[in-house]
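This report concerns only the one structure given below.
The values are calculated or read from the model by the stated rules, or taken from the named source; none is laboratory data. Bear in mind that the values here come from a model prediction, so they are computed numbers and not experimental data. Heads up, the Cβs are rebuilt from the backbone with ideal geometry, glycines too, and the neighbour counts pull from every protein chain shown. SASA here: full protein model, heavy atoms, side chains in, ligands and nucleic acids out. Shrake-Rupley method; radii C 1.70, N 1.55, O 1.52, S 1.80 Å.
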Amino acid sequence: MQTATLIEARQRLGRDAFVVESPPCPTQARWCFELALHVVEEDGADVQTPQWVADQVREANRLFAPIDVGFRVGSAKVVDARFASVETRLDRDLLGRDEHSLGVVHVFVVRRLADVDVPGEVIRGVHWRDRVQTSRRWVILSSIASSLVLAHELGHFFGLPHSKHRKSLMNKSPHLDPPWHLRTFPEEELAIMRRRRDAMVEDGTLVKANVNAKPAAPPTLPVTPVDPRSPADAAPG
């Protein structure tokens, strides 16, 4: 009965479920930034679920808390099925070129994201700049991404390269000391992100949202979200 109720609630919400079911910006965050979500719909179904997106946002909020930054999904749009499998650099350019706007972080969720540097391989996420105009940039997440991938790609959005620091989320090495779910941003990376945060607010790349704004209330149904994450997340892309 509970599963049927959950399905019924999501059917009533439609695409708004991606907004309503994602966590709000933490009230203690001095800077709240909106995520403009774009999800590929293939064969009448989204390539990932609102709960999966909520897990991504929740982890990003946790990891960005030391720089007083929080995120929330402000909108959710359908992406055409022709972008379900993003294979080339041109695909990445075209995916976000017509949707890009300043003030928010655009996040695209696709079914498959090819590694453009290693034929036949796939990756879990990427922070991508349009090669025609590099000031246009967005995050692309593969449907196979673990819950830490959005935070990793937002690290790039906030100015971080890949890292050799063992405890950094930006370190892609598969070592287990610490494991993925215990990695964070070390202080030197936090300092870079604070500076980049201020610069992006100054130049209009990001616009502060109202922390206290609330999305429309979902249907009054007894829904109990289930956290599907495994104890050890897969490596970020």
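Summary of computed values
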{"read-out": "In nm, spacing of pseudo-spin labels at Arg82 and Glu41 (7 Å Cα→C-beta vector)", "value": "1.7"}
{"read-out": "Cα-projected label distance for Glu99 with Val132, points at 7 Å along beta-carbon direction, nm", "value": "1.6"}
{"read-out": "Full-extension gain in nm, His175 to Leu90, via 0.36 nm per residue minus C-alpha separation", "value": "27.3 nm"}
{"read-out": "Charge dipole (debye, nearest 20) of segment 13-54; +1 at Cβ of Lys and Arg, -1 at Cβ of Asp and Glu", "value": "340"}
{"read-out": "Rough spin-label spacing in nm, given labels placed 7 Å along Cα→Cβ, for Lys164 and Ser75", "value": "4.3"}
{"read-out": "Of the GluC sites (Glu not before Pro) in segment 99-199, those whose Cβ has at most 10 other Cβ within 10 Å and which sit in DSSP loop", "value": "Glu121"}
{"read-out": "Gyration tensor (alpha-carbon) shape descriptor, segment 125-165, a/c threshold 1.5", "value": "oblate"}
{"read-out": "Solvent-accessible area per residue, Å², over segment 1-140 with all protein chains present [probe radius 1.4 Å]", "value": "46"}
